[in-house]
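Below: one structure, written as structure tokens.
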Amino acid sequence: AMMLPHVIRFNAAHTPSARTYAELAAFLAPEGLDVPHTRLADWIEELLETAGLARSLAACGICRDDLDSLATSASEQWTLQFNPRPAEVSDLRTIYESALNLP
């Protein structure tokens, strides 16, 4: 759950994903709540905060030295083949880095 907003932001730069995220936001948002795809990740982070879930890797004991290992491991997962935007190890490290230290 913690990584989902960061993956959404990464994928939203991919035009087909942006359309999909806009559709998902419209489906998930309570009626009358405007949650465009650009705000979907923020909305999910708000849900995490409300639920009292960790919002950063640092809060889970992950440090910067762990990021290369995490990115390499993620690049070897079969689920990456279903990601709508191609991702290299360097992209995955950037995603993990974005999740490292949040308020």
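The values are calculated or read from the model by the stated rules, or taken from the named source; none is laboratory data. What you are looking at is a predicted structure, and each value in this text was computed from that prediction instead of being measured. Because the Cβ atoms are built from the backbone with ideal geometry, glycine has one as well, and the counts that use them run over all protein chains shown. Just the protein is used for accessible areas: all its heavy atoms, side chains included, with ligands, DNA and RNA removed. Shrake-Rupley method; radii C 1.70, N 1.55, O 1.52, S 1.80 Å.
Within this structure, A54 fails the test of being touching a residue at least 12 places away in the same chain (Cβ under 8 Å) and either farther than 29 Å from A26 by Cα or among the acidic types (D, E) (or both). What about A22, is it farther than 18 Å from M3 by Cβ, modelled with pLDDT under 85 and surrounded by 15 or more Cβ atoms within 10 Å (Cβ to Cβ)? Yes: the conditions hold for A22. Sub-7 Å Cβ pairs linking a first residue in the stretch 63-92 that is over 17 Å from L4 (Cα atoms) to a second residue that is of a type outside the set (S, T, Y) and open to solvent by 50 Å² or more (accessible area, probe 1.4 Å), at least 6 apart or interchain, are D68/R93; T72/V89, ordered by first then second residue. The residue of the stretch 58-91 that is modelled with the lowest pLDDT, among those that are open to solvent by 70 Å² or more (accessible area, probe 1.4 Å) and hydroxyl-bearing (S, T, Y), is T79. The set of residues in the stretch 48-93 being part of a loop (DSSP other than H, G, I, E, B), closer than 20 Å to I8 by Cα and not basic (K, R) consists of L53, A54, S56, L57, E76, Q77, N83, P84, P86, A87, E88.
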